[in-house]
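Read the structure below first, then the notes.
The values are calculated or read from the model by the stated rules, or taken from the named source; none is laboratory data. Since this is a predicted model, take the numbers as computed values, not measurements. Virtual Cβ from ideal backbone geometry, glycine too; neighbours counted across all protein chains shown. These accessible areas exclude ligands, DNA and RNA; they are computed on the full protein's heavy atoms, side chains included. Shrake-Rupley method; radii C 1.70, N 1.55, O 1.52, S 1.80 Å.
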Amino acid sequence: MSATIIDGAALARESRSETADRVAKFRAAHGWAPGLATVLVGDDPASDVYVRRKRKAADAAGFVDFHRHLPGSASETEVAVVLEELAADPAVSGILLQLPTPGHLDSDELVALIPAEKDVDGLTTLNAGLLAQGRPGLRPCTPAGVMVLLDEYDVPLGGAEAVVVGRSPLVGKPMAQLLLARNATVTTCHSRTRDLAEVCRRADVLVVAAGIPGLIGADAVKPGAAVIDVGIHRGENGLRGDVDTAAVAEVAGLITPVPGGVGPMTIAMLLANTLTAATVQQGLRPAA
Ligand code: NAD
C-alpha cells in the first residue's frame, strides 16, 4: 500500500474537543448552553444509529439535547408542528431533520420549516443559495468535514483538478461548490456520466458520494491523487465505502478509510455548526 490513510477519527476527536471548549465558554458567558434538536420520524435502523451517535456526541460536547422522535405513521402536519415548535424555541440553537423521512412525507416542505439560522445541516434554500453565491452561511456537514480533512492533510486546492462523483443536495452539490470556492477546477459526475473512470482519472482530488459500494477502482484514480470516500454501506463484513480501498490505496497518495474517514467528521461538523448557529443567534461573530 502506498497511500497515506487519512485519520478522520483523530481529526474529528480534535474538532469535537475544540467545540466542547467553546461550548463551555459560551455557557460561562451566557448562563445557558446551546441546544441541538434532532428530529427522527419512524424507526429506520440506520437513521436510528446516526441520530444516537449525533446526540451522544452533542451531549459529550456540552450541548442541551432536544431530541424528538415521531412514529413512522406521523402525518406531515404532525411533523410540521414539532418543527415549528422547535423553530420558535429560543433554547434550540440547531434543528436537524434526519433524512430520509418516510415516503409519505415531503422532506423538502419540512426542511423549509427550519429557520435558516437553525439549519445545522445546511439544507434550506437560503443556506444552499448562500453557498452557491460564496457567501457565509451554515454548510452541509459532510462536505464541510471533507474540506477540513483536505486542509489538515495540506492537499493543495487552488488550480487543482477536483472531481466529485454524485450531485445530491446533501453531499455532491455542496461539495463541488466548496471546492470551487477554494479555486479548484471542479467536475461533477453523476449517474449519466459517460466513462466515469476516464473523468475520475483527471482528478488531483477525487470525492466519491454515489452510494454504490466499490464503484471506484484503481483504474479510475490518478497516481498520487487524494481520494475521499463518502459512501457508507453495511455488509456482512462490516462497513465499506464507494471506493475499492485496498486497490485504490496502491495508486492514490491519500485516502480516507471506511469507517474512520468522513463519517466521524460529519458529526464533528454538526457540533461546530450548532455552536456557530448559537453564536450568530446571539448577534456575535462566530470564531473563524
Ligand atoms: P444520493 O443517493 O442522494 O446521491 C447519489 C448520487 O450519486 C446521485 O447524484 C447520482 O447521480 C450519483 N450516482 C449514482 N450512480 C452513479 C454512477 N454509477 N456513477 C456516477 N454517479 C452516480 O446519496 P447521498 O445522500 O449523496 O449519499 C451518497 C453516499 O454517501 C451514500 O452511500 C450515503 O450513505 C453516504 N453518506 C455518507 C455520509 C457520511 O457521513 N460519511 C453522509 C451522507 C451520505
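General observations
- Those residues of region 1-18 which are open to solvent by less than 70 Å² (accessible area, probe 1.4 Å) and in a helix (DSSP H, G or I), in sequence order: Gly8, Ala9, Ala10, Leu11, Ala12, Ser15, Ser17
- Screening region 19-37 for residues that are in contact (Cβ under 8 Å) with a residue 40 or more places away in the chain and assigned to a helix (DSSP H, G or I) and picking the one that is surrounded by the most Cβ atoms within 10 Å (Cβ to Cβ) gives Thr19.
- All positions within region 162-176 that are open to solvent by less than 60 Å² (accessible area, probe 1.4 Å) and either near the ligand (Cβ under 9 Å from one of its atoms) or touching a residue at least 24 places away in the same chain (Cβ under 8 Å) (or both): Ala162, Val163, Val164, Val165, Gly166, Ser168, Val171, Gly172, Pro174, Met175
- Being more than 30 Å from Arg55 (Cβ to Cβ), of a type in the set (Ser, Thr, Tyr) and within 15 Å of the ligand (Cβ to nearest atom) is a property that Thr187 has.
- Scanning region 218-244 for residues being more than 9 Å from the ligand (Cβ to nearest atom) and surrounded by 22 or more Cβ atoms within 10 Å (Cβ to Cβ) gives a total of 7.
- Of all the criteria given as (1) within 11 Å of the ligand (Cβ to nearest atom); (2) in contact with an Asp or Glu (Cβ under 7 Å, 6 or more places away or on another chain); (3) within 26 Å of Ala9 (Cα to Cα), the one not satisfied by Ala203 is (1).
- Candidates Thr101, Thr77, Thr142, Thr124: the one that is open to solvent by 30 Å² or more (accessible area, probe 1.4 Å) and among the hydroxyl-bearing types (Ser, Thr, Tyr) is Thr77.
- Screening Pro264, Pro213, Pro259 for residues that are within 10 Å of the ligand (Cβ to nearest atom), assigned to a helix (DSSP H, G or I) and open to solvent by 30 Å² or more (accessible area, probe 1.4 Å) leaves exactly one candidate, Pro264.
- Scanning region 203-222 for residues that are touching a residue at least 60 places away in the same chain (Cβ under 8 Å) and of a type in the set (Gly, Ala, Ser) yields a single hit, Ala209.
- The set of residues from region 60-76 being over 15 Å from Trp32 (Cβ atoms), in contact with a strand residue (DSSP E or B) (Cβ under 6 Å, 6 or more places away or on another chain) and not in a loop (DSSP other than H, G, I, E, B) comprises Arg68, His69, Leu70.
- Residue check: Ala277 meets all listed conditions (1) within 16 Å of the ligand (Cβ to nearest atom); (2) touching a Ser or Thr at 6+ places or on another chain (Cβ under 9 Å); (3) in a helix (DSSP H, G or I) but one, namely (1).
- Just so you know, in region 246-288 the residues that are hydrophobic (A, V, I, L, M, F, W, C) and at pLDDT below 95 include one that is nearest to Asp59 (Cα to Cα), and it is Ala287.
- Candidate set: region 38-54, residues that are assigned to a helix (DSSP H, G or I) and buried (at least 18 other Cβ atoms within 10 Å of the Cβ); chosen: the one modelled with the lowest pLDDT: Tyr50
- Strands (runs of 3 or more DSSP E) wholly inside region 77-193 containing at least 1 residues that are touching an Asp or Glu at 6+ places or on another chain (Cβ under 6 Å) and closer than 27 Å to Ser15 by Cα: 94-97
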